[in-house]
Structures are given as structure tokens and as C-alpha cells.
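Report on the structure given below.
What follows draws every value from the coordinates through simple rules; no lab data is involved. From a predicted model like this one, the values you see are computed outputs, not experimental measurements. Using ideal geometry, Cβ is built from the backbone for each residue, glycine included, and neighbour counts are taken over all protein chains shown.
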Amino acid sequence: MLKRFFLSCSGVDLNLIKECSNGEQNKYIGIGATVFFTALMAFISCSYALYTVFDTIYISTIFGFFWGLLIFNLDRFIVSTLRKKERFISEFVQVIPRLLLAIIIAIVISKPLELKIFEKEINQVLLTEQNQMTLDNKNQIALQFQPEITEIKNNINNLKSAIKTKEAETEKLYEIYIAEAEGRKGTKLLGKGPVYKEKRDKHDKSLTELNQLKKQNTEKIDNYEKEIANLNQRQKNSEINTQPTIKNYNGLMARITALNKLPLLSSLFIFLLFLAIESAPILTKLISSKGEYDFRLENLESAVKIKMQQQINERREILKTHTILNKAIYKELEDEEELYKYKQKLAHNLIKFQAESFYKNEQKTI
């Protein structure tokens, strides 16, 4: 049962291979087994690749199964269509497109398995990239809010500077009227005279303005600080909202990109392994000499070809004979008076029928 299955996988004629020796059958059993296990690896590879996309084992398994069937059919077609030629160069020419297809299949099969084999290393690369993306994202979001925050902070600093300036001015007026009272400056008269009173009034007025300015600017500063807190919260919310997108940066394309950043040598070995498996049946048929099955198949195909050619030649001769006979028969009928009168009568009836039909149609129109 298993032997028949692997022979079927190799694409050989089961009735024809039965007549061959065990050695010849074993060769095609090995080819069929390679085709089958390549398709099995394709199924596993595709299922894993799709699982990283859909996150569901059922969909991944179904699509992986159909992908494995597709690879199985392609490999079986490639192997079964190879024919042994008299010259090696002719065989090599027909192998080239099949080898190119085998390389493409090997790449498609090996890449998802590489993703699984190097999963830990890929996760480390993705983690590094996600961290960098988080930092870049924070910087980009900060660029949206920082200009406004900076402007508000400048306004707060201006308000504080205005208070400090007014405080310095009030303090200076305080020193002036105190110095006047002590007789150190101004009129240099000890006591609280009219000049003292005038300077004291200026100070008191400035102090009142200072208190009013502090009250107004403090309210403005509180409002500005609330705006800054609001902007900071919006900035933080934007960072939180965009973080899931960064965390989900672990899909199939992201993993393939991360895989390409790993050392090439290990990935190359896996690809070469699958390429060797995929191209093994093709190369086996290429380098092996003509076997018993090849001779039997060539004999069967040549017999069919000769039989078909004979039938084509027979049809051509029959057609040629019929053509000659028809020409002779119609040549003889040209001079028969009875046939002439019969044809004349049919033509007369046909013209009469056409005229009557035309007359009836005209009557309907009128």
C-alpha cells in the first residue's frame, strides 16, 4: 500500500512500473517519498506562517493543507514531465526552468520554518525595535504638544518677571522713604515731614499695585498651569493610545524583516537544505542513466505516436480519394438534362415562393 502510494507520488505510470525490476521501482519510490515529505514540510511551514497572521489554528491548518497540496502537485508535475534524452545538454535545458521553480518553492517553504527556528532571536530584535519605536513615538507626540507648552511656560515666566520687577520697584520706594525718615538721603532731615509723606504715599501706591498685580498674575499662572497639566495629560493619553500598535508590531512581515537582520549564514544553511530536498528528484533523474521504466515509456509513447500518425495518414488518403471521386461524379452530372430540369423547377418554385412572400408582407405594411 505504502509502496503504491509513493510510486503514485512520483508521477509514474503504475501499470508500466509494475513490469519493471525492483531496483527501478525503488528509485521511483525514493523520488515519490521526497515529493510527499516536501509537501508535508510545505504544509507545516505555511500553517505556521498563517498562524502568525490569523492567530487561529483552524484557518491556518486549512490554508496550509491546500498549500501543501499545491506544492505536492507542482513537485509531482515537475518530476513526471522530465524525460530522458539522447544528449545530456537536451536534458539539462529542460531541467533549467524546473530548477528555477524548485528554488522558488524552496524559498517559500524554508522562510516560515526559519521564522520558527530563530523565534527567540527574532523576538529579541523585535523587542529592540519596539523600544526604539516607543521612544520615537514619544518624541513625535512631544513635538505636537511641546511648542504650545513652551509658549505657556514663557507666559508664566513673563508674569512672574512682572511681579519680581514690581517687587523690586516697591522695595526701592520703601528704601527711599525710610532713608528720608532717618535723614540719610533726600532732605537729610530727621523725622516724618512732607517729603517723607510724599515718598511714603508713592510706596503705598506701588505696594497696592503690587498686591493687585500678584493677585491677577497668580490667577493667570494657575490657569496656565492647568493648561499645561491638561496638555501633559493629552500627550500621555496619545502615547498610551499608540502603544498597542507598537506592541502589535510582530506580524509576518515584521518577523521576516527581523530575520533578515540576523546573520545570513544560519538562514542560508536552512535554505540550502530545503533546496537540496526540493531539487533532489530533479537532479536524480538528470544524473541517472536511462532505466528500464524510461525505455518502456519511450516504447509505449513511440507506439502511440506511430499509431496516431498512421490514422492521420489514412484520413488524408481517404479525404484525397473522396475529393477525386466527387470531382468525377459532379463532372458527369453537369451534362444530365433530367438533373438540369429538376434544378430549374426547384429554382422556379423558390423564386415564386419569394415573390408571394414579398407580396404578402407589402399588403400587411399598407
Quick one: dipole size for the chain, taken about the Cα centre, charges +1 on Lys/Arg Cβ and -1 on Asp/Glu Cβ, in debye to the nearest 20. 700 debye
To the nearest 0.05, how large is the calculated FRET efficiency for residue 222 and residue 58 if R₀ is 56 Å and r is the Cβ-Cβ distance? 0.40
Identify, among 57, 253, 311, the residue whose Cα sits farthest towards the positive end of the charge dipole of the chain, taking +1 on the Cβ of Lys and Arg and -1 on the Cβ of Asp and Glu, with the dipole about the Cα centre. 253
Which of 107, 141, 318 ends up with the largest GNM mean-square fluctuation for the chain, with Cα atoms connected below 10 Å? 318
Cross-link candidates for residue 18: which lysines have Cα within less than 22 Å, leaving aside residues fewer than 8 places away along the same chain? 3, 27, 84, 285, 290
Net length gained if the chain between residue 327 and residue 149 were fully extended (0.36 nm per residue, minus Cα distance): 53.6 nm
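Counting only other residues whose beta carbon sits under 12 Å from that of residue 101, what net charge do I get with K and R as +1, D and E as -1? It would help to have the intermediate numbers written out before the result.
On the way: positive: 98; negative: 75, 278.
Once positives and negatives cancel, what remains is -1.
Counting trypsin sites (Lys or Arg not before Pro) as exposed when in a DSSP loop with at most 16 other beta carbons within 10 Å, what is the longest stretch of the chain free of them? Working shown, then result.
On the way: sites that count: 18, 83, 85, 87, 184, 185, 188, 192, 261, 290.
Result, exposed sites excluded: 88-183.
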Only counting other Cβ atoms within 10 Å, I'd like 348, 203 sorted with the fewest neighbours first. 348, 203
Say we join alpha carbon atoms closer than 10 Å with springs in a Gaussian network model of the chain; which of 319, 213, 50 then has the biggest fluctuation? 319
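For n ≥ 4 DSSP H runs only, could you compute -39500 (n - 2.57) per run for the chain, divide by its residues and tell me the 222 nm figure to the nearest 500? Write down the numbers at each step before the final one.
Details: 11 runs with 321 residues, N = 366.
That comes out to -31500 deg cm²/dmol.
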Within the chain, which whole H helices from DSSP have a Cα span along their axis of at least 20 Å and a mean Kyte-Doolittle hydropathy of 0.5 or more, if any? 22-54, 57-80, 88-117, 264-287
Between region 215-245 and region 116-162, what is the separation of their alpha carbon centroids in Å? 15 Å
Any idea how far apart residue 240 and residue 44 come out in nm if each label point goes 7 Å out from Cα toward Cβ? 4.5 nm
Could the peptides 31-41, 123-133 be put in order, highest first, of the mean number of other beta-carbon atoms found within 10 Å of their residues? 31-41, 123-133
Set of lysines near residue 343 by C-alpha distance (under 30 Å), chain-local residues within fewer than 8 positions excluded: 320, 327, 331, 352, 360
In the Gaussian network model of the chain, springs joining C-alpha atoms below 10 Å, which of 276, 254, 229 carries the largest mean-square fluctuation? 229
Sticking with the crude label model, points 7 Å out along Cα→Cβ, report the distance from residue 295 to residue 268 in nm, one decimal please. 4.5 nm
Using the Cβ atoms and a cut-off under 11 Å, what net charge is assigned to the surroundings of residue 260, where Lys and Arg are +1 and Asp and Glu are -1? +2
